[in-house]
Amino acid sequence: MEKIVSLCKRRGFIFQSSEIYGGLNGFWDYGPMGVELKRNLKDFWWRRNVHEREDMVGMDGSIIMNRAVWKASGHEETFSDPMVDCRTCKARHRADQLPQKDGTPYCPACGGRDLTEPRAFNLMLKSYAGPLENDDNLVYLRPETAQAMFVQFKNILETSRKKLPFGIAQIGKAFRNEINPRNYIFRSREFEQMEIEYFCRPEDGLALTDYWLEERLKFYEDIGIPRAKIKIHDIPDGERAFYSKKTYDLEYEFPFGMSELEGVAYRTDYDLSAHMKHSGKPLEYFDDEKKEKFVPHVVEPSAGVDRTALALICEAFDEEEVTDEKGNKEVRTILRFHPRIAPVKCGIFPLLKNKPALVEKAKAVAASLRPHMMVFYDEAGAIGRRYRRQDEIGTPFCVTVDFDTIGENGPEKVDTVTLRHRDSMQQERIPIAGLRARLEAAIF
Ligand code: GAP
């Protein structure tokens, strides 16, 4: 993890939030490379789950909703961790994570044993909407994106004219006042979720849970996380949420251990029924063909953007020993991202920066590709160094404009460039005219 954290900072993926003021525990900023990685991940998720499917629509709900939503969903009452306070050093810890000595729990901060009884600590972050900071104006920053999709179920059903089964997809920020934010961006207090609520007839719920598990595994494979690297945990009876008839946790082997990436949960009709009861509004579905009215059931694949980004970085991270042109051995650090999620798709270099014709041509190649993909023009330092910098941010391709390109060695290779492949380090000569199509095929 140390190497990954250091690379992410050095290469502009992830910074501590408010770093110059000492940071803020559980909050992170994504730099120029990190934001591209996350965008590529979210765009591909959206394409796969919304644009490429006839049975899905998207939405973008507000982060702050009527407090009644969180009463109805059960979050106000039960979305909490059991906490104890240490009376000696005043630290607060999760009761279920306390270390024990001789069968007695103790404070991991000071070793003291004078601890309070466990108390429920609600994880929702609070704020006030309106000028008065009183109970009437109390609001929560949403702890999950899901609820907006339940609350807007009727509006979306009517405006999209979808028939069951169909789903709503949403990507957005969620906030949880986690007691122990840890493992870098894995458990944060502000994070993003990519969630689907897939509504169906009750008798289809279990089969659709298995269907979505398979869809999600395919998705991870298509962004470069092979299914062999994901452990499916079928949560046994008694350990699932009381309303869930089936839940799969998809776990990935992070350097700090096997941990949850995503949950695929069959939530039955719990959410829609709860909102129907609390709001007094009908949220049923009317099946025209069968002439029946019922509350749809829902299957929910719920993934974390930040956790997936971390899994992508961990999966891509590699080091290998290489020998440079002078015979010196060095360690090559590479992020072997799948081209479709790599932040930069192609590095573009003139062989020498003091040859105006090379620079002009390389800049023209970069400009021609820029509207179609993220490229990076670099003329600083030896070519080998420039390749290494791109390897470290996971750029799958690099193009070099040399004297052949500008026709200095004869007409045969004019307007061709070398295309270097990150993983094999092999180079091939290709015409500039075919470059865009070639790269687009690889990054789509
Ligand atoms: N709507 C269901 C729901 O929110 P969850 O298991 O609590 O279920 C879903 O969260 C996903 O959101 C998790 O699998 C994880 O990827 C991400 N997630 C949850 N809490 C997180 C946190 N504190 N930091 C980063 N990601 C988190």
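The values are calculated or read from the model by the stated rules, or taken from the named source; none is laboratory data. Source: prediction; values computed, not measured. Quick reminder, even Gly has a Cβ in these numbers, built from the backbone with ideal geometry, and neighbours come from all protein chains shown.
Picking from LEU164, LEU157, which residue would you name as being within 21 Å of VAL264 (Cβ to Cβ), modelled with pLDDT of 95 or more, out of contact with any helix residue (DSSP H, G or I) (no Cβ under 8 Å at 6 or more places or on another chain) and more than 16 Å from the ligand (Cβ to nearest atom)?
LEU164
Sort out which residues of the range 39-57 are touching a Pro at 6+ places or on another chain (Cβ under 9 Å) and touching a residue at least 24 places away in the same chain (Cβ under 8 Å), and write them in order of number.
ASN40, ASN49, ASP55
Quickly run through the range 137-154 and pick out the residues that are within 16 Å of the ligand (Cβ to nearest atom), assigned to a helix (DSSP H, G or I) and not small (Gly, Ala, Ser).
Correct list: GLN147, MET149, PHE150, VAL151, PHE153.
Could you please let me know if GLU203 is surrounded by fewer than 15 Cβ atoms within 10 Å (Cβ to Cβ) and assigned to a helix (DSSP H, G or I)?
yes
Can you pull out every residue in the range 268-300 that is in a loop (DSSP other than H, G, I, E, B) and surrounded by 14 or more Cβ atoms within 10 Å (Cβ to Cβ)?
ASP269, LEU283, GLU284, VAL295, PRO296
Show the residue pairs meeting these rules: Cβ distance below 6 Å; 6+ apart or different chains; first residue within the range 246-257 and farther than 17 Å from LYS3 by Cβ and at pLDDT 95 or above; second residue β-branched (Val, Ile, Thr) and near the ligand (Cβ under 10 Å from one of its atoms).
Hits for this filter: TYR248/VAL264.
Starting from the range 421-438, keep only residues that are farther than 13 Å from THR400 by Cβ, then list their pairs with residues that are among the β-branched types (Val, Ile, Thr) whose Cβ atoms are within a distance under 7 Å, requiring at least 6 positions of separation or different chains.
That search, which allows pairs on different chains as well, returns ARG422/ILE334; ARG422/THR395; PRO431/THR416; ARG438/ILE430.
Could you run through the range 135-154 and say how many residues are at pLDDT below 95 and within 18 Å of the chain's Cα centre (by Cα)?
Count: 0.
From LYS345, LYS329, which residue is exposed (fewer than 14 other Cβ atoms within 10 Å of the Cβ), among the basic types (Lys, Arg) and either closer than 30 Å to LYS173 by Cβ or without any contact (Cβ under 8 Å) to a residue 12 or more places away in the chain (or both)?
LYS329
So for the range 231-240 (the condition being more than 30 Å from MET1 (Cα to Cα), more than 10 Å from the ligand (Cβ to nearest atom) and touching a strand residue (DSSP E or B) at 6+ places or on another chain (Cβ under 7 Å)), does at least one residue qualify?
yes
So, ILE313, is that one buried (at least 22 other Cβ atoms within 10 Å of the Cβ), outside any loop (DSSP other than H, G, I, E, B) and of a type in the set (A, V, I, L, M, F, W, C) or not?
yes
Checking the structure you have, find out if any residue of the range 133-148 is closer than 30 Å to ARG11 by Cβ and of a type outside the set (Gly, Ala, Ser).
yes
Look through the range 181-192, keep the residues that are touching a helix residue (DSSP H, G or I) at 6+ places or on another chain (Cβ under 7 Å) and either part of a strand (DSSP E or B) or of a type outside the set (Ser, Thr, Tyr) (or both), and return whichever of them is surrounded by the most Cβ atoms within 10 Å (Cβ to Cβ).
That would be ILE185.
Here are GLU221, GLU315: which of them is within 16 Å of the ligand (Cβ to nearest atom) and closer than 24 Å to LEU37 by Cα?
So the residue among GLU221, GLU315 that is within 16 Å of the ligand (Cβ to nearest atom) and closer than 24 Å to LEU37 by Cα is GLU315.
Does LEU261 count as in a helix (DSSP H, G or I), within 16 Å of the ligand (Cβ to nearest atom) and in contact (Cβ under 8 Å) with a residue 40 or more places away in the chain?
no
Out of the range 167-206, which residues are away from the ligand (no atom under 14 Å from the Cβ) and charged (D, E, K, R)?
Hits for the range 167-206 are ARG201, GLU203, ASP204.
Restricting the search to the range 54-91, which residues are more than 30 Å from ASP271 (Cα to Cα) and surrounded by fewer than 17 Cβ atoms within 10 Å (Cβ to Cβ)?
Residues satisfying the conditions are ARG87, THR88, CYS89, LYS90, ALA91.
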